[in-house]
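The block underneath contains the structure these notes are about, expressed in structure tokens.
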Amino acid sequence: MVVPAKQLAVAKTRLRPLTGTGGRGPEDHVELVLALLTDTVAAVAACPAVAAVVVVTDDVRAADVAATLGARAVPDEPRRGLNPALAHGARAAGAGPVAALSSDLPALRPAELAGALAAADGHAAAGRPRCFTTDAAGTGTTLLTVAAGDLGPRFGPASAAAHGASGAVRLTGPWPGLARDVDTPADLLAARALGLGPATGALLDRLLPATCSG
């Protein structure tokens, strides 16, 4: 499994309304982005269907978290954006089935990921080697899998349509945490309603105790 992680200080800028007011500062923002990554990688590492986790990052703290959770961090050698980073990570993962996953899924459950990967395996057996899952809005992509060959990532605006047009199969199933990526404060509260991982949950309770108490 390949998980990308940008430099923490410049990632998730739309979450700054949570971290840039009320006496909070840049370090709070970094901690929030790191918490999202921590809970995502922890869920992936706990999924029995995942043999190994590769985190593509040039951020030292993100790499340290990856190592702590049993993942392997590799530098973003292309440094040409998200899709080249994912392709680089897929090559680093080696031969065989590989998948790319968003790094901002703090409500992800290992069983959800296992279910999606099993569904992808079924399509691969039927001759459809590439599959993807969408975000809650249905326009973005949270997971892209390939049984063999080129991962072919097309993450970015309207990535669900781009992946579908490339021949990948859209997967659907009872995987709400897999669909709930976090780009905005509203997304984060929606993820909290599903049940956040411990790192993000503890930090959000500290940042917004009044908002999150109800």
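Since every read-out is calculated from the coordinates, none of them should be taken as a lab result. Treat the numbers as computed from the prediction; the structure is a model and nothing was measured. Because the Cβ atoms are built from the backbone with ideal geometry, glycine has one as well, and the counts that use them run over all protein chains shown.
Stokes-Einstein at 4 °C, 1.567 mPa s, Kirkwood radius from Cα pairs: D for segment 155-201 in µm² s⁻¹?
Estimated diffusion coefficient is 104 µm²/s.
Please state, as a whole number in µm²/s, the translational diffusion coefficient that the Stokes-Einstein equation yields for the chain at 4 °C and 1.567 mPa s, with Rh defined as the Kirkwood radius across alpha carbon pairs. List each step's numbers first, then the result.
Working: Rh = 17.1 Å.
Answer, rounded: 76 µm²/s.
Going toward the positive end of the dipole of the chain, with +1 on Lys and Arg Cβ and -1 on Asp and Glu Cβ, which of Pro4, Val169, Ala49 do you reach last?
Val169
How do the peptides 196-204, 99-107, 44-52 rank, highest first, by the average count of neighbouring beta carbon atoms within 10 Å per residue?
The peptides rank, most packed first, as 99-107, 196-204, 44-52.
Want the number for Val60 to Ala193: 0.36 nm per residue separation, take away the alpha-carbon distance, what's left?
44.8 nm
Please give the calculated 222 nm ellipticity per residue for the chain, where each DSSP H segment of at least 4 residues contributes -39500 (n - 2.57) and the sum is spread over every residue; nearest 500 deg cm²/dmol?
Rounded to the nearest 500, the figure is -12500 deg cm²/dmol.
In which sequence would His29, His123 go, from the one with the fewest C-beta neighbours within 10 Å to the one with the most?
His123, His29
Placing unit charges on C-beta atoms (Lys and Arg positive, Asp and Glu negative, everything else neutral), compute the dipole magnitude of segment 2-213 about its Cα centre in debye, rounded to 20.
Roughly 340 debye, rounded to the nearest 20.
Between segment 80-113 and segment 132-169, how far is it from one alpha carbon centroid to the other, in angstrom?
One Cα centre to the other: 12 Å.
Over the chain, with a Gaussian network built from C-alpha contacts below 10 Å, which listed residue (Gly20, Gly89, Gly152) shows the highest mean-square fluctuation?
So, out of Gly20, Gly89, Gly152, the one fluctuating most is Gly20.
Only Cα pairs within less than 10 Å get springs; with that Gaussian network setup on the chain, which residue of Asp76, Asp183, Asp135 has the largest fluctuation?
Largest GNM mean-square fluctuation: Asp183.
Show me the ranking of peptides 55-61, 33-39 by mean Cβ neighbours inside 10 Å, starting with the highest.
Details: 55-61: 21.6, 33-39: 25.4.
Top to bottom by mean Cβ count within 10 Å: 33-39, 55-61.
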